[in-house]
Amino acid sequence: MKKFKEFLLENERTGGKALSEYPRYQYSSRIIIYRARNKDGDEFHKDDYITLSPKFAIEHAESTEVYQEEQQIVIRATAHPKDVVDASNPGEYFYKGNTIHGDVVYKTLGYDYDSENVPDISKITPLKLTESASNLKEIPINIWDDYLDYEEGFPRTKKKAMKIPEDEYGVPLTYAYVEAEEITPVIQKQALTILRDFIVKQGISCQLEKVEKKFIDINNIRKDKDTHINFRFELKIIITYKELDKLMTLIRKEKLYLEDMGHKIPLNIYSES
């Protein structure tokens, strides 16, 4: 009987196409997934129902608390698009990867829940982050250069000679940042400091800054809806597009890395234009 039930479950949750088959996700290496579940664990298991919508996950968790009369949670993780397949219900998918642990990003509010004011949990800092870089294969650093998009109509040769825009206080809009949610600010700072020192040696002005952002504290939201400060590090850089081209050539030749606990973790530095 047990094997028969497992057979039925397996066939019920076969699912449709994997997200990796869709053009939108064809070149994505990781996507963020959410799951509403009871608070007895934080795992995503094979064939679990999941969603890509944090709002959908919250609504499902809150409705489950109503009829089960016990607090639920929403967990978040990243997965490869090939491990996420279509389910029959709109907005729902099946997870097809190995068991992974997620981060708790929401606890149901029960009677205090306001469906007209659903919190944005996509901006909440994960609760479990590693302070060691030794388990990382690389540290991705993006040098932002989308400022080119604001100068439509100019030939590329003219763009190269243009100065990157500055805000009203004279702060350059170009910056480098670690493009990975799971890497802590401690590791971000170490990696960006290595890049900063290399850039300064090339005679280019740059400055490491801590950028603060507010988010909802899930541990206190039921009591008093406290807000705390979330932040990341950014490397502000004053540079022309022509100089950025030359800098990227030097960076590729140098092959910068962060050393942690005897491991050398490459800095994968790129500029998308």
Restricting to the stretch 75-96, name every residue that is among the basic types (Lys, Arg) and either part of a strand (DSSP E or B) or crowded, with 17+ Cβ neighbours inside 10 Å (or both). ARG76, LYS96
Among strands (runs of 3 or more DSSP E) completely within the stretch 97-188, the ones holding 1 or more residues that are modelled with pLDDT of 85 or more and among the basic types (Lys, Arg) are 103-107
Somewhere in the stretch 251-265, is a residue at pLDDT 85 or above, within 19 Å of the chain's Cα centre (by Cα) and not hydroxyl-bearing (Ser, Thr, Tyr)? no
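The values are calculated or read from the model by the stated rules, or taken from the named source; none is laboratory data. Remember, predicted model here, so these are calculated numbers, not experimental data. Cβ coordinates were reconstructed from backbone atoms using ideal geometry, including for glycine residues, and neighbour counts include every protein chain displayed.
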